[in-house]
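Before any comments, here is the structure.
The values are calculated or read from the model by the stated rules, or taken from the named source; none is laboratory data. Only a predicted model underlies this, so the values are computations on that prediction, with no experimental measurement involved. No Cβ is skipped: glycine too gets one built from the backbone with ideal geometry, and neighbour counts run over all protein chains shown.
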Amino acid sequence: MLSLNYMKKSLFLLILITSCIKNKDVNKEDKFFIVTNGAAKSHFSTLNTLNHFPTSRNPELALSPIVRSIGEDLFILEPDNDSIKKYHRFPNGDITERGVLRLVPATGASDMIIVSDRLGYSSLKGSAKIMAWDPSTMAGQGTVDISSFGISDADPDATLMAFSNGKLFVVCNQRYSGKTVPSPAQVLIIDTKNGNAVTSVTDDRGAYTDNTTSAVFFTENGDFYLYCGADKPEQNGFLRIKNGQSSFDVDYFFGIGAPGTIDHLSCSYYAGSNILFSMGALTGSQQFGAFSINLIDKKVTKIDLPASTGYAGNIFRDGNNLYFGLSTSNAKGFYEYEMTSGKAGIAPKINTTNMGDPWLMGAF
């Protein structure tokens, strides 16, 4: 029979071993990733491997990729390579390619959202289609043809997307011969629970340009917002579709294009409570500043962060802190902003100067 003392020692050893196993979980600095843009390539890094060029944890990517994550898996859309790649992060921090979804060449994939581990969507603005695909198998699941909604040709040029309650909201920018056709802001609402029925919603108060100068998001109460980074100041602002509606709210337009302030917004992040954070192109300057935007009070407030070039991007949230990707006159990297106190960093919390312009930051 085992002694009580032996059993106590065995139990202690079991607890110690279990604790050690738990401590072998992914290092916190491997859970956060950074993508930087170089002259011809983008570089992926975790915080642990920042400033180290291609290793098993630092794959090289096509320039300016779109990145999404679910659990331990990372999905990377490389528009220039007509592909979506899937990577898996292991407990030791190594990152291995797990699959590739090859797109038809020149389909012009411009956005990617992942609804669940079995459903994702990509907008193919070069083929007038929205593609559904399975993130678990990396296989296509069919397409939705939207060619009938083109204005000057048979392609409405689908770009940014957002998903809520079974409905996929797709923004179109109606390009023809390389130029944006003068047209109202347009959103296609695809009802995925009703045979992918498509409803086109337009509004002359706004006009859409492209991915870099627009934003789409849902608020907590299900309202959909579209920011139109239009060339005309009077069309530069926010439109809203209220929850459950299929047309733009005639009582809401939040214009931000008053002369002498902001030319357009870029790299937006919705933080909740009707507050959006964005980078704004400063009028009469080649620089971008950081701003907080109250969508209900229609108020824009400058944040005391250094000005940046337009080569940086992305705003990432970790708890109550935001990290703005900035390429300033002194350094490149992610600058910390404390939402609770309003304190803004004067130097990058995460320095990417040796790697390139800070394109995006995320977690998985």
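Numbers for the structure displayed
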quantity: Lone unmet requirement of (1) out of contact with any Gly (no Cβ under 6 Å at 6 or more places or on another chain); (2) outside any strand (DSSP E or B); (3) under 23 Å from residue 188 (Cβ atoms) for residue 58; calculated: (3)
quantity: Candidates 111, 82 - the one that is without any contact (Cβ under 8 Å) to a residue 40 or more places away in the chain, buried (at least 16 other Cβ atoms within 10 Å of the Cβ) and over 16 Å from residue 364 (Cα atoms); calculated: 82
quantity: Selection count, the stretch 226-245, where residues are among the small types (Gly, Ala, Ser) and either in a strand (DSSP E or B) or surrounded by fewer than 18 Cβ atoms within 10 Å (Cβ to Cβ) (or both); calculated: 2
quantity: Residues located in the stretch 296-315, provided they are among the β-branched types (Val, Ile, Thr) and either under 19 Å from the mean Cα position of the chain (by Cα) or in a loop (DSSP other than H, G, I, E, B) (or both); calculated: 296, 303, 309, 315
quantity: Unique match (being surrounded by fewer than 20 Cβ atoms within 10 Å (Cβ to Cβ) and under 21 Å from the mean Cα position of the chain (by Cα)) among 249, 223; calculated: 223
quantity: Residue that is surrounded by the most Cβ atoms within 10 Å (Cβ to Cβ), among those in the stretch 326-348 that are without any contact (Cβ under 8 Å) to a residue 24 or more places away in the chain and not small (Gly, Ala, Ser); calculated: 348
quantity: Qualifying position, being buried (at least 21 other Cβ atoms within 10 Å of the Cβ), part of a strand (DSSP E or B) and either touching a Ser or Thr at 6+ places or on another chain (Cβ under 9 Å) or acidic (Asp, Glu) (or both), among 270, 323; calculated: 270
quantity: Filter pass, residue 248 being modelled with pLDDT of 95 or more and assigned to a strand (DSSP E or B); calculated: no
quantity: Meets criteria (in contact (Cβ under 8 Å) with a residue 40 or more places away in the chain and outside the structural domain of residue 37 (by TED's automatic domain parsing)) for residue 307; calculated: no
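Listed here are the residues, each with its yes/no results for (1) of a type outside the set (Asp, Glu); (2) at pLDDT 90 or above.
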{"site": "135", "(1), (2)": "yes, yes"}
{"site": "142", "(1), (2)": "yes, yes"}
{"site": "161", "(1), (2)": "yes, yes"}
{"site": "176", "(1), (2)": "yes, no"}
{"site": "179", "(1), (2)": "yes, no"}
{"site": "184", "(1), (2)": "yes, no"}
{"site": "205", "(1), (2)": "yes, yes"}
{"site": "210", "(1), (2)": "no, no"}
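Here's the yes/no breakdown for (1) on the phi > 0 side of the Ramachandran plot; (2) buried (at least 22 other Cβ atoms within 10 Å of the Cβ); (3) at pLDDT below 85:
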position	(1), (2), (3)
44	no, yes, no
48	no, no, yes
51	yes, no, yes
57	no, no, yes
102	no, no, no
106	yes, no, yes
115	no, no, no
118	no, no, no
158	no, yes, no
